[in-house]
Amino acid sequence: NTLQDYLVSPLVNIPSNGELHFFTRMFQVADQGSAFKIMVAPSTITDVTDINNYTPVQVWSEADLLSGNFNVYQEKVVSLVDYVNMQVYIAFVFENTQEDSTFLSDRWLIDDVSVVAQCPAPTFESLVALNISQTSAELSWANPSGATSWEIEIIPAAASPTGTGVVYNNATVPM
């Protein structure tokens, strides 16, 4: 007995350095032997409900999908670089195979799904800070990616970043 549930997106345009981002969690604490898959199909398929038209991009077991608490949402990021500049359907597929008549299965909870371009990793070899004072500093860095704006967060040395900074896209940044 194999249970297979899936959720298919509308057509999605995959940008350069495309990534699928989503938050996920499970419903039950015990491992039920389920598999969780991200699958992709081209826009040319004629039946979006036929899962055989899809290619697996990422597969997780229950143990691999989440670390820590089963009931806490965690972000997952899946590379879609093989589908750049294509229109595709993305399927979230949940599978559970029972080896006897006892039905054991989990649920797959998914939230806040987006397909975005991956931000280039920062390079620090050319980061320079000059004229540092209690209230200001002059920062400069190389820009090999050609980015036109950045987010700068100013925090005390021992603090953790909040993820909310000041967007910088010109010559000066307000402190």
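The values are calculated or read from the model by the stated rules, or taken from the named source; none is laboratory data. Just so it is clear, the structure is predicted and the values come from calculations on it, not from any experiment. Virtual Cβ from ideal backbone geometry, glycine too; neighbours counted across all protein chains shown. Remember, those area values only see protein heavy atoms, side chains included, never the ligands or the DNA or RNA. Shrake-Rupley method; radii C 1.70, N 1.55, O 1.52, S 1.80 Å.
What the table shows:
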item	result
Test for residue 20: is it touching a residue at least 60 places away in the same chain (Cβ under 8 Å), touching a Gly at 6+ places or on another chain (Cβ under 9 Å), of a type outside the set (Phe, Trp, Tyr) and under 18 Å from residue 110 (Cβ atoms)	no
Of all residues in the stretch 33-44 being open to solvent by less than 30 Å² (accessible area, probe 1.4 Å) and at pLDDT below 95, the one that is nearest to residue 90 (Cα to Cα)	36
From the options 106, 82, 112, residue that is of a type in the set (D, E, K, R) and in contact with a helix residue (DSSP H, G or I) (Cβ under 9 Å, 6 or more places away or on another chain)	106
Test: residue in the stretch 91-99 that is more than 24 Å from the chain's Cα centre (by Cα), at pLDDT below 75, of a type outside the set (Asp, Glu) and open to solvent by 60 Å² or more (accessible area, probe 1.4 Å)	no
Residues (part of a strand (DSSP E or B) and more than 17 Å from residue 7 (Cα to Cα)) located in the stretch 50-86	61, 74, 75, 77, 79
Selection within the stretch 62-87 - open to solvent by less than 50 Å² (accessible area, probe 1.4 Å) and either under 17 Å from residue 22 (Cα atoms) or of a type in the set (Asp, Glu) (or both)	62, 65, 66, 74, 76, 78, 80
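Each row is one residue, and each column tells you yes or no for (1) touching a Ser or Thr at 6+ places or on another chain (Cβ under 7 Å); (2) surrounded by 15 or more Cβ atoms within 10 Å (Cβ to Cβ); (3) at pLDDT below 95.
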site: 12; (1), (2), (3): no, yes, no
site: 19; (1), (2), (3): yes, yes, no
site: 31; (1), (2), (3): no, no, yes
site: 55; (1), (2), (3): no, no, no
